[in-house]
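Asker: Below is the structure I would like to discuss, written out as structure tokens.
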Amino acid sequence: MSDITLLPAVTSFLAREHGLFIDGHNLASQGNAKIAVVNPANGQVIAQISDATQADVDQAVASARQGFKTWSRTSPAARAAVLFKLADLLEAHREELAQLETLQSGKLIGISRAFEVEQAAHFLRYYAGWATKITGQTITPSLPSFAGERYTAYTLREPIGVVVGIVPWNFATMIAIWKLASALTTGCSIIIKPSEFTPLTLLRIAELASEAGLPAGALNVLTGGGAVGKALIEHPGTDKVSFTGSVPTGIAVGQAAMGAKLTRATLELGGKNAVAFLPDVGIDKAVDGIIEAGFLHSGQICAAGERFYVHRSRIEPLLEALSQRLGQLKIGSPLDETTQFGPVANKPHQQKLAELFAIARREGSQIIHGGRIGDGPGCFVEPTVILANSASDTLLNQETFGPVATFLPYDSEEELLQLMNASPYGLSASLWTNDLGKAMRLIPEIQAGTLWVNMHTLLDPAVPFGGVKASGIGREFGSAFIDDFTELKSVMMRY
Ligand code: NDP
């Protein structure tokens, strides 16, 4: 098989002069600095985007403040209608957006179609449904009444204002949709800063949002490096930051937000997610589980399993079967529909993985499968299986965010729990067993924002998601995000 043919809409979009999206239009940046967007499958530059300046930031914030006035006064049902229309437009442009996403990130085209576009539309519809369901409470205060006066009180959930959304490169389309959907459904306006590696789909989605009827300024997109995100957070005209990315950047973002003016911050960060197999799980089921947890989208998923704990009696046959399965994967171009394993998303990330492999070798961990990076212009990294020497090995403690599964055997359930929880992070974990009673007893003992049983990685918009410990602050999805994107106002009345 060979690569699919790119749609004319994709080639013409790539050939455009890319500006910023401010006030409902594509606008040229007020500066000249450009950043190249590179296809990680072959190293070719596919577009140049603008590196926004402080003047661009000021302009986008002024527009978003105006957009907030209009949008927050738009009725909830009208807000929902725009978001539903945008979901329809995402689906109508499914192939165009999926191809752009694969070109900018190296994601397999099937994953771009299914997750970046179809799932994103599904999440968007879920959020749209919330616009008409955001409510407060009525409360009867117990204040003293001296002359027959009475009291009543109620609470309002008011949109927080102008949100800054900062998005990583791994699911550049879907995560941007989560952010704009949570902001817009609650009546906030939002300025999104995508990763400089993967800005293209969002520039196109902003145009579709205008087509869906979103008023000018409700969604602005500023491309550029981390400094653009920082300038937005520290700007006096922004009220909240919703950040998804790595732990070190998340800490810097949290500090900038608090330091500036106690700007509210939701931080969805990375982790070092644990996957535990109890001895009753069959080898084939365990191999399927490891591939689902650790190798989907080459492991470039914040919730992906990175630390795998297997009972000592099972580890040898399991690693042998896993290596055999990984050896059969077809590695190649992400635009070829028969490819099963593509490149990682960018050169710095490929380089980081090469350094982690070198550390693993230096520390004497056994590389059971893979462990090499490609030497061509594409960012290829072999699916890799590592057997650690001890719990202190670097590969069991530092997030790889790549196609790397590191294993450690355990002997008892007590030891297993101690190993799973001995991490400063707690985004997700999974437990694999056929013994439901045992699972129910272990669930409360495991420290993670999301715990999967006999599954891993899959997210649903109705189920809250976010980290405990150093994996973040706040929750997305379910009703949980409403607390993060609104302020609670109490009203008390005497009559
Ligand atoms: P980074 O933390 O490097 O970057 C995330 C975003 O922040 C990018 O848009 C980046 O811009 C921007 N940024 C960088 N520096 C600053 C700054 N000082 N102030 C404001 N913004 C800044 O993460 P990656 O893009 O490398 O993504 C991978 C990480 O994201 C992994 O650690 C992963 O675990 C985590 N992640 C967490 C998820 C969750 O829901 N918990 C989901 C997905 C990923 P630029 O790229 O242009 O430098």
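Asker: Is it the case, given these coordinates, that G271 is modelled with pLDDT under 95, closer than 19 Å to I175 by Cβ and within 8 Å of the ligand (Cβ to nearest atom)?
Answerer: yes
Asker: Under 14 Å from G224 (Cβ atoms) and within 14 Å of the ligand (Cβ to nearest atom), is that true of T173?
Answerer: Answer is no for this residue.
Asker: Any residue at all in the stretch 250-268 that's of a type in the set (D, E, K, R) and near the ligand (Cβ under 9 Å from one of its atoms)?
Answerer: Yes, some residue in the stretch 250-268 is of a type in the set (D, E, K, R) and near the ligand (Cβ under 9 Å from one of its atoms).
Asker: If you check L89, L103, L83, which single one turns out to be in the same structural domain as F485 (by TED's automatic domain parsing) and in contact with an Asp or Glu (Cβ under 7 Å, 6 or more places away or on another chain)?
Answerer: Matching residue, one of L89, L103, L83: L89.
Asker: Does A448 fit the bill of being touching a residue at least 60 places away in the same chain (Cβ under 8 Å), hydrophobic (A, V, I, L, M, F, W, C) and within 14 Å of the ligand (Cβ to nearest atom)?
Answerer: Values: touching a residue at least 60 places away in the same chain (Cβ under 8 Å): yes; hydrophobic (A, V, I, L, M, F, W, C): yes; within 14 Å of the ligand (Cβ to nearest atom): yes.
Criteria met by A448.
Asker: A further question follows. Could you figure out which of (1) surrounded by 22 or more Cβ atoms within 10 Å (Cβ to Cβ); (2) not assigned by TED's automatic domain parsing to the domain that holds S313 isn't true of R475?
Answerer: Only one criterion is unmet by R475, namely (1).
Asker: Determine, yes or no, whether A52 is in a loop (DSSP other than H, G, I, E, B), among the hydrophobic types (A, V, I, L, M, F, W, C) and under 30 Å from T186 (Cβ atoms).
Answerer: Yes.
Asker: Separate question: Take the residues in the stretch 219-249 that are of a type in the set (A, V, I, L, M) and within 10 Å of the ligand (Cβ to nearest atom); name whichever of them is farthest from G24 (Cα to Cα).
Answerer: Across the stretch 219-249, the extreme among qualifying residues is V247.
Asker: Going by what's in this entry, would P194 be described as modelled with pLDDT of 95 or more and more than 20 Å from K261 (Cβ to Cβ)?
Answerer: Judged against the criteria, P194 is a match.
Asker: Separate question: Which condition number does F485 fail, the rest of (1) farther than 23 Å from I251 by Cβ; (2) crowded, with 19+ Cβ neighbours inside 10 Å being met?
Answerer: Among (1) farther than 23 Å from I251 by Cβ; (2) crowded, with 19+ Cβ neighbours inside 10 Å, the lone unmet condition for F485 is (1).
Asker: State all residues of the stretch 361-391 that are crowded, with 17+ Cβ neighbours inside 10 Å and within 27 Å of the chain's Cα centre (by Cα); if no residue qualifies, say none.
Answerer: G370, G371, I373, G378, C379, F380, V381, E382, P383, T384, V385, I386
Asker: Looking at (1) in contact with a Leu (Cβ under 7 Å, 6 or more places away or on another chain); (2) within 16 Å of G67 (Cβ to Cβ); (3) surrounded by fewer than 21 Cβ atoms within 10 Å (Cβ to Cβ), find the lone condition where E207 falls short.
Answerer: Only one criterion is unmet by E207, namely (1).
Asker: Of all strands (runs of 3 or more DSSP E) completely enclosed by the stretch 408-495, which ones contain at least 1 residues that are closer than 30 Å to S72 by Cα and out of contact with any His (no Cβ under 9 Å at 6 or more places or on another chain)? So that I can check it myself, show each step before the final result.
Answerer: Working: elements: 428-432, 450-453, 486-494.
Ranges flagged: 486-494.
Asker: Moving on to the next point. State whether one or more residues within the stretch 141-157 are within 14 Å of the ligand (Cβ to nearest atom), modelled with pLDDT of 95 or more and either part of a strand (DSSP E or B) or over 18 Å from the mean Cα position of the chain (by Cα) (or both).
Answerer: no
The values are calculated or read from the model by the stated rules, or taken from the named source; none is laboratory data. Not measured: the values here are computed from a predicted model. A quick note on method: Cβ atoms are made from the backbone with ideal geometry, for glycine too, and the neighbour counts reach across all protein chains shown.
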